[in-house]
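**Student:** Just dropping this structure here.
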């Protein structure tokens, strides 16, 4: 269900969009938020702004997502690196990163399912 939702939200963009699903301590959705907008092949993601947004929503956990306008949902090394940076930053304020899902057209790739979290 989460993957279908993210496809509906992100698949239509012609440039990269990085988003966050904010969750409470029961993993119920608090909010969906599009945080950063980029170009056709990248978006700058700032950990400070992600932490700030999570604290404003009082998130206990999050699921990150972004699209690949190319239609290929395979994660890049940059995707893996920013996920690790965000996970480290959020651990300092006791917020769990449950997944980072990449949307490529009608396909998705879960970094958690690939063991990359």
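FYI, it's all coordinate maths here, none of it is from the lab. Worth saying up front: this structure is predicted, and the values here are computed from it rather than measured. Note that we place each Cβ from the backbone using ideal geometry, even for glycine, and neighbour counts take in every protein chain shown.
**Student:** When the chain is modelled as a GNM with alpha-carbon springs shorter than 10 Å, which of 45, 62, 103 fluctuates the most?
**Tutor:** 45
**Student:** Expected output is a single nm value to one decimal: the length gained when fully extending between residue 113 and residue 96, i.e. 0.36 nm times separation in residues minus the C-alpha distance. What is it? Could you put the intermediate results ahead of the total?
**Tutor:** Details: separation 17, 0.36 × 17 = 6.12 nm, distance 1.58 nm.
Extra length from residue 113 to residue 96 when fully extended: 4.5 nm.
**Student:** For a quick check: sort 84, 52 by the number of other beta carbons within 10 angstrom, fewest at the front. Before the final figure, lay out each step's value.
**Tutor:** On the way: 84 15, 52 12.
Sorted ascending by nearby Cβ count, the order is 52, 84.
**Student:** State the label only: which of [x] 101; [y] 89; [z] 142 corresponds to volume of the Cα convex hull per residue in Å³ computed from the shown model?
**Tutor:** Computed from the coordinates, volume of the Cα convex hull per residue in Å³ corresponds to [y].
**Student:** So how do 73, 106 line up by other beta-carbon neighbours within 10 Å, fewest first? Working shown, then result.
**Tutor:** Details: 73 18, 106 11.
Final ranking by Cβ density, sparse to dense: 106, 73.
**Student:** While we're here: Using only helices, what value at 222 nm comes out for the chain when you add -39,500 (n - 2.57) per DSSP H run of length 4 or more and divide by the total residues, to the nearest 500 deg cm²/dmol? Spell out each step's value before the answer.
**Tutor:** Values: 3 runs with 34 residues, N = 117.
Computed mean residue ellipticity for the chain: -9000 deg cm²/dmol.
**Student:** With a cut-off of 13 Å, note down the residues of the stretch 8-25 whose backbone N falls inside the zone around a label point 7 Å from the Cα of residue 106 toward its beta carbon.
**Tutor:** Counting only backbone N, you get 8.
**Student:** If you don't mind, there's one more thing I want to ask. Only counting other Cβ atoms within 10 Å, I'd like 17, 29 sorted with the fewest neighbours first.
**Tutor:** Values: 17 20, 29 12.
Ordered by Cβ neighbours within 10 Å, fewest first: 29, 17.
**Student:** Relative to the present Cα-Cα distance, how much length would full extension add between residue 33 and residue 80 at 0.36 nm per residue of separation?
**Tutor:** On the way: separation 47, 0.36 × 47 = 16.92 nm, distance 2.05 nm.
Gain on extension, residue 33 to residue 80, equals 14.9 nm.
**Student:** While we're here: Going 7 Å from the Cα of residue 88 along its beta-carbon direction, which residues of the stretch 13-47 have the amide nitrogen within less than 16 Å of the resulting point?
**Tutor:** 45-47
**Student:** So, one more: Using only Cα atoms, find the angle between the long axis of helix 77-91 and the longest principal axis of the chain, and express it within 0 to 90 degrees, rounded to the nearest 10.
**Tutor:** Relative to the chain, helix 77-91 is tipped by roughly 10 degrees.
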